[in-house]
Amino acid sequence: MTIKLTRAFAAGAVSVAALLAGGGAALADCGIQGAASVRILSNDFEALRLVNSTAAECASATVTVTSNATAEHKNIQVPALTANPAEYTVAMVANNSIVPLLNAGLIRPLDDLVAKYGASLQPNQLIKIDGKVMAIAFMGNGQHLFYRKDILAAAGLDVPTSYEDVLADAQIIQDKGLMQYPLAASDKPGWDLAAEFVNMYLGTGADFFVPGSAELAIDNENGMKVLATMRAMTKFMNPDYLTYDANELNKVWDAGSVALMNQWGSLAGAAIDPKTANPDVAANTGFAAAPTIGGGTIPAAALWWDGFSIAKNISDEDAAASFQAMVHAISPDMVKAHPDVATWLVAGYSPGPAAVGVIANATEGAQAYPMQPYMGLLHTALSTGLADFIAGKEDAEQALKDVKASYDASAKEAGFLN
Amino acid sequence: MPRQPLALKTLTNAFLVFWLLAAVFPFAWTVWGSFKVEADFFSRQSWWYAIEGIRTTQQTGGAFTLDGYRGAWILNEFWKPVINTLIVTISVTFISLLVGTLGGYALARSNRRYAFWILIAALVFRAMPPITLVSGYLLPFFQLNIWGFLPTTIIVLVAINQPFTLWMLHSFFLSIPKDLDESALVDGCTRFQAFRMVIIPVMWPGVITTGLFSFLLGYNDFAVTSMLLRQENQTMIPKIASFLGSIQSEGNVMYAVAAVVSATVPLFVLVLFFQRQIVSGLTAGAVKG
Amino acid sequence: MPHRTFFTFIFPSILAMVLFITLPIISVAVQSMYIEHPAILTTVESCGPFGCSKQSKVDVAAMAKLKAEEPMGQFAGLSNYLNHNHLALNDLREIFSQNNSFSGIVSALMNLPFYRALAFTLTYCFVVTPLAMMLGFAIALAVNTMPKILKGPAIFVSILPMIITPLVGSLILAWMFNPAGIFGATLQWLANDPGLSLRASPVLTWIVVLVYGVWTNGPFSFVIFYAGLQTVPQDTVESARIDGASRWQITRFVIIPHLVPLATFVALVQLMDNFRVFEPIVGFSAQANATSLSWLVFNDLVSSDNPQFGSAGATSVITIIGVLILLSPVLLRTWRDFNRKVV
């Protein structure tokens, strides 16, 4: 009896919270039947917080909806979903963060739930692995070209479509004295630097691994080409480029000291925000697909999706309720009400000016960030192994050798290599 | 002390002025900057923007703005983490001291080998990077269903803080003459009575100093609180970190700056209030490292 | 003190430390001797919003069977400690057999992630600890000569660097050292070199991080030394002065010896904390030129897409051993003191 009372009370408290969070929006009918608990774990940024608070509208007298938006989600998710019952029923994931959950088998196939409750979903939102739906994507992201219309016009240049053009244009801009350091990239050793390499390498169309195995395969002319391009670009960058991450790029862009850079689509809105951006720069900022590399035909940038998955170690009722709440949270109505928050993958989304770049990447055939089980290990190996190279302290062969040695050691630890 | 020679006095004063400026300037700069917009305080063009507030005027119409504070306190409900932090730090300090005084006293009054080895072990424990410890806690905590709650975090912080507390209090108790409690024992008190009647009245300065360091640890902790607390129990520092943004999303650094300035104010009050005790506490204790 | 009383008093402390520190350390140490089972991979088609591709996938069901038989994974002895990402034994052998010159060996060592981190960690430890202690001592002496009314505010200002959250403190200071920041720009002006950037050169980056370390660690020494100064026996000082000792001689022969036990305590705590240096590296974005052991742990666990517990565990255990070696002189001293107490 007391337990029931507590539960009812908790449900009441949460629905009040939901009312407050939704800015007084009416409780939505999400079609959830019976008692259930929806518990969401997500990363902490605006679009995901919006999805969380929309999901909270599904709370009712019998359904509780709670969420935890935290930057530490990647570390928490595996232990949290390993416990039985799992601490969270919904884990918001992206191409990279879904991998540890898949490797450990902690999320459930969603095919039956999609068939029952997923009428508003589009086919391309379904993340299918071996034919089974393992996650539902709802927004896209990726790094694409930011360019300064005024500088390119003054130099008499078109928007570059390849890294070779980017380098040639940078030379011209520098020669004409329009800008001292026309290029910038997120070359800070760590996650950012590794992402730069992954982007460009994807543009060559080559495989990171020997197909069907965890054997690293980047030690080839494509890898050399990518490194040579990365190094060549640093000549046109501010000498501080080793300290630049994605957030920093937006600051130097806003200061008007860069003409061309590859930057996250999710940060494009801030660069042209009439309220906070530098008006002179914002008015002249253009977005385009990421450049191609080495005669390739696709933008050299990874495409990312953010989506949700449902934990395995929970009751089927909670799983169904969670799925319904999330489908409500990413409904076309929500997207219509908030078109500028993200590049949505949901039906009925009409892209705003900040989404141009990501969509261009996608339509021109850019590759998705790989979901190989050992991709995270490679990313970490790149994050430290390329530091000396990008600083100009070692050559490309040595850098690739370092990355391979570091990757091999961690892949052996993880059981992917013998 | 007789008066210092002029040359030495000048040198001392010059050094003092230099140090005090070095200590206060970054903070003063932060307080000033917290009333500007990000494009000024973190300007890529020139630090002069932070003085004049060019972009602040452009964006808000005045040279000073409360946007940072508004964002942190109203939009992001910074008072919630403040309350959680208060609960965590006060509990951590109190429990650490309670447990640590007893342990430290025992260590100081025992002359057996194992007392030494306990001290050394405590020291070794302190060497473990906390992130590794915390990663190890996650799975058992989830399985026991105690993850995310304030009491769990408080106990973990007390445990992690225990080596330092034990060492400091042990040194402090060493400086209290043994005869004091030993004569109480001779008079027929039990150990605990001796501790309660004789030691407690003279131990406050040392306890307050140790307490200050425990307080600072709980207050400034990031590794433990960011991984072990759920959102509604989040404390200040992880909240401030979340203002800084992540790889794919823009943060609002000015919220973090405003939050840091506001977070330092209670510490000012605390330090001013306990300043005399801190100094006299260290005077009495810790001298026998 | 009888055993029983001793253990009654210390029981809560010991319980907390055993549960939350000792057991995790043991489990980390044991786990670091194991590697995962060989992964059973299948190639499957995976599709998403941006098309389909062939990707590998871990066969979860087959892996679960392996795990059920051997939950810890495969025993690997010290191989996690000796692989390329840690002590790199094979690489060391190669380096020493191929290089003859000292500088060749050093530059090859600095290319190994562990030794590169160790180099900065040790430098930081041995530069910052003594300098911060000297700074703290100097401040303590200077503040001690101030008029009483100014002492309070001076103490308060002096400990400011210690109480600002390092997370944001180092970020703001890093910004001030930016070429457009107030210090960076002033230095450019002083050096008359508009291209000077403290963040671009490895040497300058190290210097800035070390200066930050001294600045933020000085106050801890200051608080303790200042308190110690209050206990200097005034009659000894007085009689030394009557004997004609100079101010310097009094400092050297009365005050410093009095503070030595305190200095041991400070050195102990500071060496250990500096060996775990982490925040300044992230705050100053100095990863390109300076990494530390704690940063390696962080990189394996927190910033990795796929946390590597084995590797982080091995680095952590090495950190503990490193601290032990570092502290051994101080520990020996404590041991001698303790034995004196026993006798």
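Readers should treat all values here as calculations from the given coordinates under stated rules, not as data from a laboratory. Quick caveat, the model's predicted, so the values are computed rather than measured. With ideal geometry, Cβ positions are generated from the backbone for all residues, glycine too; neighbour counts draw on all protein chains shown.
Observations, loosely collected:
- Counting only lysines at least 8 places from A:LYS149 when in the same chain, those with an alpha carbon closer than 24 Å to its own are A:LYS176, A:LYS235, A:LYS251, A:LYS275.
- For B:VAL82, A:VAL335, A:VAL403, the sequence from fewest to most other C-beta atoms within 10 Å is B:VAL82, A:VAL335, A:VAL403.
- Relative intensity of chain A on a log10 scale, I(q)/I(0) at q = 0.08, 0.10 Å⁻¹, equals -0.48, -0.73, per a Debye sum over C-alpha point scatterers of equal strength in the absence of solvent.
- Euclidean distance of C-alpha centroids, region A:107-162 and region C:103-160, integer Å: 49 Å
- All aspartates and glutamates inside 16 Å of A:LYS225 as judged from Cα atoms, apart from same-chain residues fewer than 8 positions distant: A:GLU164, A:ASP165, A:GLU196, A:ASP207, A:GLU394, A:ASP395, A:GLU397
- Least to most buried among A:HIS328, A:HIS144 (fewest other Cβ within 10 Å first): A:HIS328, A:HIS144
- A Förster radius of 22 Å, combined with the Cβ-Cβ distance separating C:ASN90 from C:ILE321, puts the computed FRET efficiency at roughly 0.60.
- The Rg/Rh ratio for region A:107-190 is 1.30, where Rg is the radius of gyration of the alpha carbons and Rh is the Kirkwood radius.
- Calculated [θ] (222 nm, deg cm²/dmol) that DSSP helices of n ≥ 4 give over chain B, each run adding -39,500 (n - 2.57): -23500 deg cm²/dmol
- C:THR22 paired with B:THR60, simple spin-label distance in nm, labels 7 Å along Cα-to-beta-carbon: 5.4 nm
- Helices that extend 27 Å or more along their long axis by alpha-carbon positions and average at least 0.5 on the Kyte-Doolittle scale are, among the DSSP H runs of chain A, A:2-21.
- Counting only DSSP H runs of at least 4 residues, each contributing -39500 (n - 2.57), and dividing by the residue count of chain C, the helix-based mean residue ellipticity at 222 nm comes to -21500 deg cm²/dmol.
- Length-normalised contact order for region A:236-328 - Cα pairs under 8 Å, 6+ apart - percent: 15 percent
- This model, with +1 at the C-beta of Lys and Arg and -1 at the C-beta of Asp and Glu, gives the protein assembly as shown a dipole about its Cα centre of some 3760 debye.
- Euclidean distance between Cα centres, region C:8-72 to region A:166-216, Å: 34 Å
- Selected from C:PHE284, C:ALA240, C:LEU324, residue furthest toward positive end of dipole (region C:209-343; charges at beta carbon): C:ALA240
- Dividing the mean sequence gap of close Cα pairs (under 8 Å, 6+ apart) by how many residues chain C holds gives a relative contact order of 21 percent.
- Percentage, to the nearest whole number, of Cα pairs in the protein assembly as shown over 52 Å apart: 21 percent
- About the Cα centre, charge dipole magnitude for region A:249-346 (Lys/Arg +1, Asp/Glu -1 at Cβ), debye: 300 debye
- Computed from backbone phi with θ = phi - 60° and the Karplus coefficients 6.51, -1.76 and 1.60, the 3J(HN,Hα) list for region B:173-180 is 5, 4, 7, 7, x, 4, 3, 4 Hz; x is used for glycine and proline.
- Projecting the Cα positions of C:GLY77, C:THR43, C:THR123 onto the charge dipole of region C:1-126 (unit charges on Cβ atoms of Lys, Arg, Asp and Glu, taken about the Cα centre) puts C:THR123 furthest along the positive direction.
- Its Cα centre serving as origin, region A:273-418 has a Cβ charge dipole (Lys and Arg +1, Asp and Glu -1) of approximately 120 debye.
- Under 5 Å between amide hydrogens, built in the peptide plane, is the criterion, and for A:SER162 it picks out A:THR292 among residues at least 5 positions away or on other chains.
- The number of Lys pairs in chain C with C-alpha atoms less than 30 Å apart, excluding pairs fewer than 8 positions apart on the same chain, is 4.
- Ordering A:HIS338, C:HIS84 from the fewest to the most neighbouring beta carbons within 10 Å gives A:HIS338, C:HIS84.
- Shielding of A:233-242 by partner chains, average beta-carbon count, 10 Å: 3
- If R0 is taken as 35 Å, the Cβ-Cβ distance between B:SER46 and A:ASP333 corresponds to a FRET efficiency of 0.15.
- Shape of chain B, Cα gyration tensor, a/c cut at 1.5: oblate
- Ranking C:THR334, C:ILE155, C:TRP295 by how far each Cα lies toward the positive end of the dipole of region C:112-342 (charges on Cβ) leaves C:THR334 at the top.
- Note on chain B: Lys pairs 8 or more places apart or on different chains, Cα atoms under 26 Å apart, count 4.
- Relative to the longest principal axis of the Cα atoms of chain C, the long axis of helix C:256-275 makes an angle of roughly 20 degrees.
- Among the residues of C:293-302, the average count of other protein chain beta-carbon atoms within 10 Å of the residue beta-carbon is 5.
- Normalised by the number of residues in chain A, the average gap of Cα pairs under 8 Å and 6 or more apart makes the relative contact order 24 percent.
- Of the peptides B:21-27, B:152-158, the order by per-residue mean of other Cβ atoms within 10 Å, starting with the highest, comes out as B:152-158, B:21-27.
- Other protein chain Cβ atoms within 10 Å, averaged over every residue that makes up C:21-33: 4
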